[in-house]
Amino acid sequence: MAISGKRMMSLLKTLGFERLSTYEGEKKAAEILCEEIRTIGLTPVVETFMAPRYTVTNCSLTVTAPFEQSIPCTGYGFSGNDAKDGIEAEFQYIEGFEPIDLQNVKGKIVLITQGLTISGYEALIKAGAVGFIATAGTFRDKLSETDLDERMLRDKHTEHGKLPGVCIRVKDALSLIPKHPTRVRLTLAQEEGEAESQNVICEIKGSTYPDEVVIYTAHYDTVRFSKGFFDNSTGSAMVMELIRHYHENPPKRTVRFVFCGSEERGLLGSKAYVAAHEEELSNIRLCINLDMAGPILGKEMANVTGEEALCHALSFIYKEAGYPMVVRQDIYSSDSIPFADKGIPGINFFRAASPGTSQIHCRYDVIDILSGESLAKTTKFVAYFSDRVINAAFFPIERKMPDNMVEKIDRYLLKKKNS
Ligand SMILES: [Zn+2]
């Protein structure tokens, strides 16, 4: 049975709902993937792990002087409960996190509009701010057509303490600042904990070299408000199609497929997989990660997290196949990173959408911009490339990670501070 764009599009439709880490949608998606694997004739394995989960129980923001105005907001997950009974304080808009920006923020609630970095959060705490207001969206947002982002802090943010914060629309911030608010009242109460998420795994043993493993990863979770057609039902559908492909064409080496949960929360599924399979990692020779393909208008790409030699090999093969693509030596913000961190080379195949033709991480991650034809094209090339690797007489890719990639991985995983 050949790789089918139609079948992939139909799986996209089946998975067409919000699949937020640890919630029902993510669980339901995992069950759908398991069922599909059983339909192929294989047995899925579900591995659970714990992921952070918060529930905001109360959240509000009100300007109290020199006028009164309530501003719609969402609470930052894991930003603590210091404002659970409400805090009223002076308001200040800061443009950055330099000492000059922070000299007078002690005891104040600050508005930040440049994004909340980890070092910025730490600087706010050290400077004595008592709360923060961050912005989301664009000046063009229409209430009925957009959702106000729900955000949470990561572990690294809260290493130096917690500062309660909310997120408001950039549109509201634009109208607020010219009116010079001087005092605001912020309330945020939340439950902070964790809940179960899961990876779905399936393996086909190699006939000749069963101990040499190529691992395929794709995340199936989404952020809030997104049905995640492009990001990343497409990659999940491609992995499913590759399972079919290798079920019908038994491979010489072992192929293992991991549908990762909680990627959007910080690659938690792939991190959990790597942590749970530490002893077996030495057998894994390559990670092929699929995160976003299928746009009707786009450009085939591959980010190679590995040696320059692998870029050259891939360039040779795409030319041989008559398949135009751009190959770069780089990391890719997705599930190949925890493997690369263990020295396993990664190739991230994706099809970048042409400018203006896609949106992700919001309600506009829709199926309309995607086609089965595009999806099948990328999947066929991935199968073409991976057949050559998996059935090679000798494994053609060295299990090595060059220093420039180690450097980038370390920065990404915040082992080093960004300079
Ligand atoms: Zn993604």
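Descriptive notes on the structure:
- Selection status of F385, among the aromatic types (F, W, Y) and either buried (at least 18 other Cβ atoms within 10 Å of the Cβ) or touching a residue at least 12 places away in the same chain (Cβ under 8 Å) (or both): yes
- Residue satisfying condition, being outside any strand (DSSP E or B), free of Cβ contacts under 8 Å to residues at least 60 places away in the same chain and either touching a helix residue (DSSP H, G or I) at 6+ places or on another chain (Cβ under 9 Å) or of a type in the set (D, E, K, R) (or both), within set E241, E279: E279
- In segment 227-281, of all residues being buried (at least 22 other Cβ atoms within 10 Å of the Cβ), out of contact with any Leu (no Cβ under 9 Å at 6 or more places or on another chain) and of a type in the set (G, A, S), the one that is farthest from L11 (Cα to Cα) corresponds to A272.
- Here the helices (runs of 4 or more DSSP H) wholly within segment 19-128 that include at least 2 residues being of a type outside the set (V, I, T) and under 27 Å from Y220 (Cβ atoms) are 24-40.
- Residue check for S233: under 16 Å from the mean Cα position of the chain (by Cα), farther than 13 Å from P338 by Cβ, of a type in the set (G, A, S) and within 14 Å of the ligand (Cβ to nearest atom): yes
- Condition met for A321 (under 25 Å from L15 (Cα atoms), away from the ligand (no atom under 16 Å from the Cβ) and more than 21 Å from the chain's Cα centre (by Cα)): no
- Candidates are the residues of segment 269-301 that are farther than 10 Å from D335 by Cβ and under 17 Å from the mean Cα position of the chain (by Cα); the one that is nearest to the ligand (Cβ to nearest atom) is M292.
- Which listed residue, of F350, F316, is aromatic (F, W, Y) and away from the ligand (no atom under 16 Å from the Cβ): F316
- One residue alone among L163, L186, L124 is touching a strand residue (DSSP E or B) at 6+ places or on another chain (Cβ under 9 Å), crowded, with 21+ Cβ neighbours inside 10 Å and not assigned by TED's automatic domain parsing to the domain that holds C73, and that residue is L186.
- If only residues of segment 201-223 that are within 16 Å of the ligand (Cβ to nearest atom) and of a type outside the set (S, T, Y) are counted, the one that is farthest from the chain's Cα centre (by Cα) is A218.
The values are calculated or read from the model by the stated rules, or taken from the named source; none is laboratory data. Bear in mind the structure is a predicted one, so any value in this text is a computation, not a measurement. No Cβ is skipped: glycine too gets one built from the backbone with ideal geometry, and neighbour counts run over all protein chains shown.
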